[in-house]
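What follows is a short report on a single structure.
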Amino acid sequence: MTDRRTAPLAGDDPQRRAVREALDGLRREIRTRFRREPEARPDATPETGGEAAPVGGTRGWESTLSELPRRIATLGMRERSTEIDAFGADAGALDAARPLLDLLYDRYWSVDARGGAQLPERGPYLLVANRAGLLPWDALMVAHAVERICDERPRFTAADWLVTLPFVQPRLARLGGVRACRENVEGLLDAGHAVIVFPEGAKGAAKPFGERYRLQRFGRGGVVRTAIARGVPLIPVGVVGAEEVHPILYKAITPGRALGLPFLPVTPTFPLLGPLGALPLPSQWLIRFGEPFDLEDLPADAAADELLLARLTEQLRARVQALVDEGLAARSSVWSLE
């Protein structure tokens, strides 16, 4: 007769059953070798012979072995927060990163944010900012500024090449970043979120230091088209300070493409200082929020008018450029740590 304890169940994987049996045998062996009498334990109570829960010892081994199958199944990954939305934003991860973001915002970059009265009380709306640098420090600082003003943290878009790097995409997603595409932006707006977009794209991130704070072309009007189609406000944002965080002196194209990057940036600290060269420099930041871009009086078919979209997009770019120029004129020094 077949032993019921070893007979394979319907849908049972023989390999998994073998692993469970091996673990059960290992547990029994450890219990046999490490079991002690209650009175021999220094933490046993004389009245009942009971035992306190030891930090190590038999119960520690048993607990570890009980966790082993689950750890194997999850490849040792930590339990994720239960507050993860459909776009991957993790409230727990953001709370863990907040002390570092506060330090960067308040101390390291001494961010001066003004014009918060222009922001709507709640989303959805689009924040249109100038792009600076390969890493999304500007997006994180703008999101931090908005959260402090409105008590609502906007999401932000990240370039395609950035989200395809190993381990980068899940970390950015947990902090509120999404791949820069129309579908993601529209989905976030439909869900009621404010979204930070950078219409300059890779052209803005790749500007050499000699062309800093000169805004590039704003794509083909996708931002304005989305705002019209979704009926949301457009808020221009000028960011000053991000261009000096990793000033690009030279772009090495071939080595960068070998690493999956559009180029390998050569800065005053990278690659001269190796991994330390990736640390951002302590520039002084100014963020300026402008008046909402007026789209209310446009006809319903305005989103299909390419000439109108091109004209409005250029006007929006000029608004952002004016805010950047205003910040540059107001900045007392390039560096915040003096």
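A few notes on this one:
- Residue in the range 304-311 that is crowded, with 18+ Cβ neighbours inside 10 Å, modelled with pLDDT of 90 or more and under 18 Å from residue 126 (Cα atoms) present: yes
- Of the criteria (1) in contact with a His (Cβ under 8 Å, 6 or more places away or on another chain); (2) modelled with pLDDT of 95 or more, which one residue 133 fails: (2)
- Of all residues in the range 208-218, those that are assigned to a loop (DSSP other than H, G, I, E, B) and surrounded by fewer than 17 Cβ atoms within 10 Å (Cβ to Cβ) total 4.
- Only listed residue being at negative phi, of a type outside the set (Phe, Trp, Tyr) and crowded, with 22+ Cβ neighbours inside 10 Å, chosen from 205, 173, 191, 180: 205
- Whichever residue in the range 206-263 is among the basic types (Lys, Arg) and at pLDDT 85 or above and, among such residues, is nearest to residue 285 (Cα to Cα): 212
Residue-wise test of (1) touching a residue at least 24 places away in the same chain (Cβ under 8 Å); (2) outside the structural domain of residue 143 (by TED's automatic domain parsing).
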| residue | (1), (2) |
| --- | --- |
| 180 | no, no |
| 185 | yes, no |
| 195 | yes, no |
| 206 | yes, no |
| 218 | yes, no |
| 233 | yes, no |
| 238 | yes, no |
| 270 | yes, yes |
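The values are calculated or read from the model by the stated rules, or taken from the named source; none is laboratory data. Every value quoted in this text rests on a predicted model; they were computed, and no experiment measured them. Cβ sites come from the backbone with ideal geometry, for glycine too, and all protein chains shown count toward neighbours.
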